[in-house]
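Colleague: Dumping the structure here so I can ask a few things about it.
Each value in this text was obtained by applying a stated rule to the coordinates, not by laboratory testing. These figures come from a predicted structure and were not determined experimentally. Note that each Cβ is placed from the backbone with ideal geometry, even for glycine, and that neighbours are counted across all protein chains shown.
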Amino acid sequence: MKTKIFIIIICCILGTKLNKAQEIFPTSDAIWNIQRFVNSSIQNEWIYGLSGDTIFNNEIYHKLYLLNDTTLVIDSKDILIGGFRLENKKVWFRPFTFEDTDFDKINESLLYDFSKQVGDTITRFIYFPSPFDPENFIAGKEEKCIVKEIKETANYRIYVVEGENTDEWIEGIGSKFGVFGNNYAIPLDYNTYSFKLACFKQNGEIQYLENNNCNKCFCTNGMNIQQKKTEEIHVYYSSIDHCIKIKTTNLRLPVYFELIDTQGRIIINQKIESSPCSISFNKKQKDTFLYRINCGNYVLKTGKIKLK
């Protein structure tokens, strides 16, 4: 009996480690705090958040915002700047424009490749001066970098990558420079300005903390930090009732629910006036849909619904 219990415990531990190893990069509920330096002096913090998904060319991108505060309750003050796509332990980033989300203006680029081993070469592009300003955007130049070392720590697996500049990729987080690594001259200007990752949070828990400005995940220098009341919104599909079920807490109704297919078409647009509520949706084939819940000009929540 004791032997069986011991085996079960070992399997649970190994399973936990395997699950952690498979998390090469966050896909939702993540916040990066990046400190901006000028002449070695910390000037302010740029806070990026990962919330919701969108679809382009039948590929799902996880949306990245430049946040105006330290929460993932997205509103009109938060700027959608791009999306991440994960495939075969590779992380791709596609910048969007400020004015719209016309993906065709700028191609996606490889940020990280966690499939490589020591000595392997990675080919990618360095972009400058700014991937977030289409009028000033300049196509990147090709760079070949080499994985020089892979370090295992108690909490992270770190890839030391050398190209024109040395970077350290942190599996499950990004880079010591922040969310973008050193692919982009902005926000990584190697002259007057420089940037570093100060803190990374996922699902409300601090996973990484190297904040020289204060012993917290977020400081308030150079930025107005506003705390927002977080409303809870739960959305799921019931295969038994063939309907989408929505339940809200502390949310002022009405709001509007939209369901979007992989072609970007809105197939349901319904006003939600009570909670909980059910929306009939009888779809037989397996598929993935995106949903969006709006209140006026504010996007309260986005997510995925998978039909199995």
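Colleague: Modelling each spin label as a point 7 Å along the Cα-to-Cβ direction, I'd like the ASN250/GLU87 distance in nm, to one decimal.
Modeller: 4.0
Colleague: Another question, if that's okay. Can you order the peptides 89-95, 232-238 by their average number of other Cβ atoms within 10 Å per residue, highest first?
Modeller: The peptides rank, most packed first, as 89-95, 232-238.
Colleague: Sticking with this one: If each residue of separation counts as 0.36 nm, what is the full-extension length gain between LYS77 and LYS286 once their alpha-carbon separation is subtracted?
Modeller: 71.6 nm
Colleague: Just to check I understand the Karplus step: with θ = phi - 60° and J = 6.51 cos²θ - 1.76 cosθ + 1.60, what whole-Hz values come out for the stretch 63-70, glycine and proline as x?
Modeller: Once θ is set to phi - 60°, the couplings for the stretch 63-70 become 7, 10, 10, 8, 8, 9, 8, 10 Hz.
Colleague: Report, in listed order, any pair from LYS216/LYS245; LYS141/LYS301; LYS116/LYS301; LYS90/LYS301 with a Cα-Cα distance greater than 28 Å.
Modeller: LYS216/LYS245; LYS141/LYS301; LYS116/LYS301
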